[in-house]
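Below is one structure, written out as structure tokens, with a few remarks after it.
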Amino acid sequence: MLRPGALRLRGLLLRGSPGRPSSTGRREGQEIPPSPQEWKDTAETVIIGGGCVGVSLAYHLAKAGMKDVVLLEKSELTAGSTWHAAGLTTYFHPGINLKKIHYDSIKLYEKLEEETGQVVGFHQPGSIRLATTPVRVDEFKYQMTRTNWHATEQYIIEPEKIQELFPLLNMNKILAGLYNPGDGHIDPYSMTMALAAGARKYGALLKYPAPVTSLKPRPDGTWDVETPQGSVRANRIVNAAGFWAREVGKMIGLEHPLIPVQHQYVVTSTIPEVKALKRELPVLRDLEGSYYLRQERDGLLFGPYESQEKMKLQASWVTHGVPPGFGKELFESDLDRITDHLEAAMEMVPVLKKADIINIVNGPITYSPDILPMVGPHQGVRNYWVAVGFGYGIIHAGGVGKYLSDWILHGEPPFDLIELDPNRYGKWTTAQYTEAKARESYGFNNIVGYPKEERFAGRPTQRVSGLYKTLASKCSMGFHAGWEQPHWFYKPGQDTQYRPSFCRTNWFEPVGSEYKQVMQRVGVIDLSPFGKFNIKGQDSIRLLDHLFANVIPKVGFTNISHMLTPKGRVYAELTVSHQSPGEFLLITGSGSELHDLRWIEEAAVRGGYNVEIRNITDDLGVLGVAGPYARCVLQKLTSEDLSDDVFKFLQTKTLKMSDIPVTAIRISYTGELGWELYHRREDSAALYELIMNAGQEEGIDNFGTYALNALRLEKAFRAWGSEMNCDTNPLEAGLEYFVKLNKPADFVGKQALRQIKTEGLKRRLVCLTLATEDVDPEGNESIWYKGKVVGNTTSGCYSYSIQKSLAFAYVPVELSDVGQQVEVELLGKNYTATIIQEPLVLTEPARTRLQKDGRK
């Protein structure tokens with residue numbers, strides 16, 4: 001029987017009128033209006049947005065000693081998404097680098113109250129992720145090996161321990177739990193006010209209401225930031241404007257790929273069984289039910305993530321803008337969207353069936369296409385930084401504030417976090433793509449996270465190679481910076497479905513065939529997603545000599561070069577081809593395109609170099625042809641002599657394949673005889689057909705990036721983002737051959753590298769082999785020695801030549817000798833691994849050299 005003024009929803013009683021928009025009421029610890037501070041006409045950094053992220057950055061910059069930090073908020077602090085957030089905090093993240101952000105956030109929140117004198121309402125009862133299927137248990141094992149080499153405390157616990165920690169659970173389906181003891185929740189409002197108090201204490205100016213009305217770049221790289229209260233000239237600006245970030249971006253002609261999502265949670269009144277508990281319940285995450293549940297006073301707070309079919313985007317805000325004045329308002333609740341999740345929660349936690357709901361919150365949170373925020377400097381706009389797209393702003397705020405502060409103050413990122421690089425998106429990221437991916441990302445919040453995961457919404461984008469139509473029906477495509485690129489090819493009768501797994505799956509045998517194709521015959525691969533830059537001008541050689549640790553190649557030749565940070569870490573790896581005097585073709589990986597371009601452009605401006613830099617990534621297609629018969633096939637198509645003595649390894653020439661103009665570089669990431677053929681994108685299909693027809697007698701066939709990875713690992717070729725990144729220096733990564741400390745130019749990072757070399761290395765990259773059952777390393781697994789974690793893998797695969805697993809790993813120098821045995825943790829089991837002399841397989845140029853030496 002319904003009581004007056006209440007609605008019953010399948011066992012849950014709702015009080016009040018949940019359908020009406022509402023504004024937040026006064027919270028305990030509400031901010032006292034700050035004492036007036038004088039307006040500043042100039043600032044080192046202007047932060048736009050007074051949510052938890054913007055205020056955290058102001059706090060960290062000011063605390064680190066930056067003078068003239070100004071934060072401008074259009075209405076009041078926490079307006080937008082911060083004030084209504086559920087406030088969850090967790091050490092867990094399925095990725096690697098974001099674990100550090102979560103860790104830094106929690107460590108900050110633990111001491112914030114003591115430092116500022118402001119109550120923050122931080123609870124740390126721990127959290128449990130529930131596994132109710134065997135594949136979830138495998139996922140937990142997979143996540144454990146990716147966590148053990150971090151500082152995060154995390155365990156797999158048995159059902160008995162789960163029930164002890166959360167006695168209100170129905171244990172019928174529970175197989176295991178992933179437990180993080182330090183997890184919990186914090187009051188977002190109080191936390192932000194504490195950060196604001198800290199920011200003011202250290203000298204930052206927080207002004208509100210002060211809506212930014214105009215952003216004007218100046219020739220010297222500074223900005224005029226205009227508000228109704230006056231203007232500020234800033235050395236840099238940081239867009240931290242939450243769901244207003246798109247409007248701020250539009251002021252300077254940028255379309256940030258962001259979209260607001262409606263997220264609902266409900267709060268119950270007192271539940272007697274909860275009130276009777278002697279300690280606070282851990283935060284619960286039922287992954288199959290796709291919801292979180294935590295204690296809120298003597299009741300419970302329940303928040304679901306609906307499927308992509310049921311969830312709701314606020315797409316009108318993208319097309320028409322955020323309604324003027326929207327700040328601390330909510331959307332109408334829609335309980336029909338979350339009914340399935342409520343029922344799952346009531347089955348898992350039966351006391352919910354008789355609970356009264358006293359509050360429903362349905363507020364906007366901002367999503368990027370891949371659910372991850374966009375953090376860092378933006379390519380193409382000087383001194384414009386972003387900290388936007390936070391679907392989980394509370395747990396990210398503290399760590400991101402510290403991360404950005406360190407980067408701004410020291411000129412380089414404190415650690416690798418390329419997955420948050422705002423430059424991972426480009427012109428191909430349309431509003432339609434953003435909407436499709438955000439819908440998918442929200443709905444997939446709690447799906448099983450497999451290695452080599454692919455998600456298919458919004459694909460393909462406009463960024464397809466000239467071969468897409470030719471190859472799409474023959475292979476499994478992977479998504480790379482907007483491009484579609486073949487991962488592996490299937491033959492008639494083979495399983496063509498996308499079947500992700502923690503073990504070897506349906507692509508294992510086909511990839512083995514592609515490996516043999518390249519090793520024994522000749523294969524073709526579409527490499528069009530490479531980032532490609534043309535650099536020329538009177539200072540081009542000086543610029544590149546300053547940027548790269550390697551020497552500049554002679555005209556007509558190519559080399560592998562690395563851009564280092566001032567502290568001597570590997571910011572990027574590129575192929576540098578000197579095409580004509582002072583004109584260069586630079587090639588980088590697809591995921592690094594704008595990341596690397598920004599670094600080059602900023603160095604050119606900072607040093608006053610007279611150069612022209614063009615991004616020609618979308619103009620050129622690339623085909624790789626590799627294998628013992630590669631020369632034989634290509635020689636049929638050109639009058640250019642491709643013999644070893646005439647077209648040497650690492651040489652580059654402009655020639656014609658039939659009548660198609662091509663820039664050919666004798667290089668191959670396979671380590672086999674091969675060329676990369678750069679050509680007009682519109683010529684890709686015709687060039688591919690020419691090559692395939694010419695190679696019929698040699699048994700030519702396609703190969704994809706999975707086989708390429710196996711081939712490069714056997715040759716001990718490093719990969720940027722795995723073996724080297726902003727966490728590693730080139731000496732420990734085994735890149736000494738490419739670093740010329742004795743070259744005259746004072747390249748970026750040179751002095752730091754000399755210091756590192758003098759002090760000696762603490763760890764080294766080594767190559768390991770190990771015998772497993774049907775699981776292979778893929779990178780980021782824990783390395784054990786005598787019961788302790790001593791390092792981590794960086795990448796790995798199955799070696800089709802020795803029929804064992806192969807991996808790169810960082811280990812302490814004292815454990816880096818050939819023959820040393822360690823253990824690699826895979827799916828909850830430790831496998832004995834042996835360090836080998838690299839490479840496992842000699843490259844084709846090395847084999848040719850040995851053959852020539854043997855004939856002398």
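The values are calculated or read from the model by the stated rules, or taken from the named source; none is laboratory data. Because the structure is predicted, anything quoted here is derived from the model rather than measured. Note that each Cβ is placed from the backbone with ideal geometry, even for glycine, and that neighbours are counted across all protein chains shown. Ligands, DNA and RNA are stripped out before the accessible areas are found, and what is left, the full protein with its side chains, is counted by its heavy atoms. Shrake-Rupley method; radii C 1.70, N 1.55, O 1.52, S 1.80 Å.
Laid out as a table, the results:
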| read-out | value |
| --- | --- |
| Residue within the range 453-462 that is among the basic types (Lys, Arg) and in contact (Cβ under 8 Å) with a residue 40 or more places away in the chain present | no |
| Some residue of the range 300-307 being modelled with pLDDT under 95, open to solvent by 10 Å² or more (accessible area, probe 1.4 Å) and farther than 19 Å from VAL388 by Cα | yes |
| Among residues of the range 757-806, those that are more than 23 Å from the chain's Cα centre (by Cα) and outside any strand (DSSP E or B), counted | 17 |
| PRO413 within 25 Å of LEU564 (Cα to Cα), part of a loop (DSSP other than H, G, I, E, B) and open to solvent by less than 30 Å² (accessible area, probe 1.4 Å) | yes |
| Subset of the range 493-508 (residues that are in contact (Cβ under 8 Å) with a residue 24 or more places away in the chain and in a loop (DSSP other than H, G, I, E, B)) | TYR498, PRO500, SER501, PHE502, CYS503, ARG504, TRP507 |
| Within the range 703-714, considering residues that are open to solvent by 20 Å² or more (accessible area, probe 1.4 Å) and not β-branched (Val, Ile, Thr), the one farthest from TYR798 (Cα to Cα) | LEU708 |
| Qualifying residue in the range 639-650 (condition: surrounded by 18 or more Cβ atoms within 10 Å (Cβ to Cβ), modelled with pLDDT of 95 or more and of a type in the set (Ser, Thr, Tyr)) | no |
| Single unsatisfied condition, VAL381 versus (1) crowded, with 24+ Cβ neighbours inside 10 Å; (2) out of contact with any helix residue (DSSP H, G or I) (no Cβ under 8 Å at 6 or more places or on another chain); (3) of a type in the set (A, V, I, L, M) | (1) |
| Among residues of the range 263-280, those that are surrounded by 23 or more Cβ atoms within 10 Å (Cβ to Cβ) and among the hydrophobic types (A, V, I, L, M, F, W, C), counted | 1 |
| Among the residues listed as SER658, SER639, the single one being touching a helix residue (DSSP H, G or I) at 6+ places or on another chain (Cβ under 7 Å), farther than 30 Å from GLY380 by Cα and of a type in the set (S, T, N, Q) | SER658 |
| Search result, residues across the range 768-810 that are over 21 Å from GLN154 (Cα atoms) and touching a Lys or Arg at 6+ places or on another chain (Cβ under 6 Å) | THR769, ALA771, ASP774, TYR810 |
| Residue pairs meeting the criteria (Cβ under 6 Å; at least 6 apart or on separate chains; first closer than 15 Å to THR565 by Cα, in the range 736-747; second in a loop (DSSP other than H, G, I, E, B) and open to solvent by less than 80 Å² (accessible area, probe 1.4 Å)) | VAL739/ALA549; VAL739/PRO730; PHE747/ALA549 |
| Residue that is surrounded by the most Cβ atoms within 10 Å (Cβ to Cβ), among those in the range 238-253 that are in contact with a helix residue (DSSP H, G or I) (Cβ under 9 Å, 6 or more places away or on another chain) and of a type in the set (A, V, I, L, M) | ALA240 |
| Residue count, the range 447-469 (criterion: open to solvent by 40 Å² or more (accessible area, probe 1.4 Å) and either β-branched (Val, Ile, Thr) or farther than 17 Å from ALA436 by Cα (or both)) | 6 |
| Residue tally, condition open to solvent by 20 Å² or more (accessible area, probe 1.4 Å) and more than 21 Å from GLU814 (Cα to Cα), over the range 720-744 | 9 |
| Enumeration of residues in the range 214-262 that are among the β-branched types (Val, Ile, Thr) and under 28 Å from ILE371 (Cα atoms) | ILE237, VAL238, VAL248, ILE252, ILE259, VAL261 |
| Residue pairs meeting the criteria (Cβ under 6 Å; at least 6 apart or on separate chains; first over 13 Å from PRO181 (Cα atoms) and open to solvent by 20 Å² or more (accessible area, probe 1.4 Å), in the range 134-160; second part of a helix (DSSP H, G or I) and at pLDDT 95 or above) | HIS150/LYS99 |
| Qualifying residue in the range 71-93 (condition: open to solvent by 60 Å² or more (accessible area, probe 1.4 Å), in contact (Cβ under 8 Å) with a residue 24 or more places away in the chain and either within 30 Å of LYS161 (Cα to Cα) or among the acidic types (Asp, Glu) (or both)) | yes |
| Residue match in the range 271-280 (condition: of a type in the set (Gly, Ala, Ser), under 21 Å from GLU164 (Cβ atoms) and in a loop (DSSP other than H, G, I, E, B)) | yes |
| Residue that is surrounded by the fewest Cβ atoms within 10 Å (Cβ to Cβ) [pool: residues in the range 168-208 that are under 27 Å from the mean Cα position of the chain (by Cα) and assigned to a loop (DSSP other than H, G, I, E, B)] | PRO181 |
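Each row is one residue, and each column tells you yes or no for (1) among the polar types (S, T, N, Q); (2) touching a strand residue (DSSP E or B) at 6+ places or on another chain (Cβ under 7 Å).
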{"residue": "SER528", "(1), (2)": "yes, yes"}
{"residue": "SER540", "(1), (2)": "yes, yes"}
{"residue": "MET563", "(1), (2)": "no, yes"}
{"residue": "TYR571", "(1), (2)": "no, yes"}
{"residue": "SER580", "(1), (2)": "yes, no"}
{"residue": "PHE584", "(1), (2)": "no, yes"}
{"residue": "SER592", "(1), (2)": "yes, yes"}
{"residue": "ALA603", "(1), (2)": "no, no"}
{"residue": "ARG614", "(1), (2)": "no, yes"}
